[in-house]
Amino acid sequence: MDETRNRILRAALGLFSSQGYAAATTRQIAGLAQVTEVTLFRHFPTKEKLFEEVVCKSLPGPRFAEFVAQAKELEYEQALLAIAEFFVAGLRENEALIKILHMEHQRHSELMERIYIALVDNSSALLASYLAELQEKNIVRKFDARVAAKMFLGIWVGLYEEEHLFSVDSTRESSKEAWHDCLEIFVRGTRA
């Protein structure tokens, strides 16, 4: 059952990424996954639910929770840099899917907003938990960890979109400097 569900998710990711949400049909997805459409709908009652799960499992990377847990072993600044790099790598790996989220927003705004909220909530909850642990250890000062987590992830989404989606002309060196500056500002603003 899990293998069938995973095949459907992989097929859907491929088709949504290459064709977009509207153009990819459930029939095509079922065919690529080698299941019937009825089987697809047993696992995902609607195309919307399928798309939502594909996006939430793919972004910011399927192993983000595991990675954040491992990063806890590092020094604070090193951990944040590693988390940022992993997060942005997940965005880069799924660039086609991110473009679809942007393109489909006009036609399917409620769905795209629901997916965006789920993504932000899931990702920021993981990071907020890490920040709360650091607060208990007096490594970082007291603040709303969820707000800080959203802000931290928002920094990297903004830099990613500037470089990859909007093709803002920036050299590798200036990009590296921007990463360093953003990280330093966040660390200085949160350290105890």
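So is Ala22 in contact (Cβ under 8 Å) with a residue 24 or more places away in the chain, out of contact with any Phe, Trp or Tyr (no Cβ under 8 Å at 6 or more places or on another chain) and in a loop (DSSP other than H, G, I, E, B) or not?
Yes, satisfied.
Which condition from (1) under 17 Å from the mean Cα position of the chain (by Cα); (2) part of a helix (DSSP H, G or I); (3) under 25 Å from Tyr130 (Cβ atoms) is the one that Pro60 breaks?
(2)
Based on this model, can you work out whether Glu104 counts as acidic (Asp, Glu) and exposed (fewer than 15 other Cβ atoms within 10 Å of the Cβ)?
no
A short reminder: the numbers here are calculations on the coordinates, not readings from a lab. Every value quoted in this text rests on a predicted model; they were computed, and no experiment measured them. No Cβ is skipped: glycine too gets one built from the backbone with ideal geometry, and neighbour counts run over all protein chains shown.
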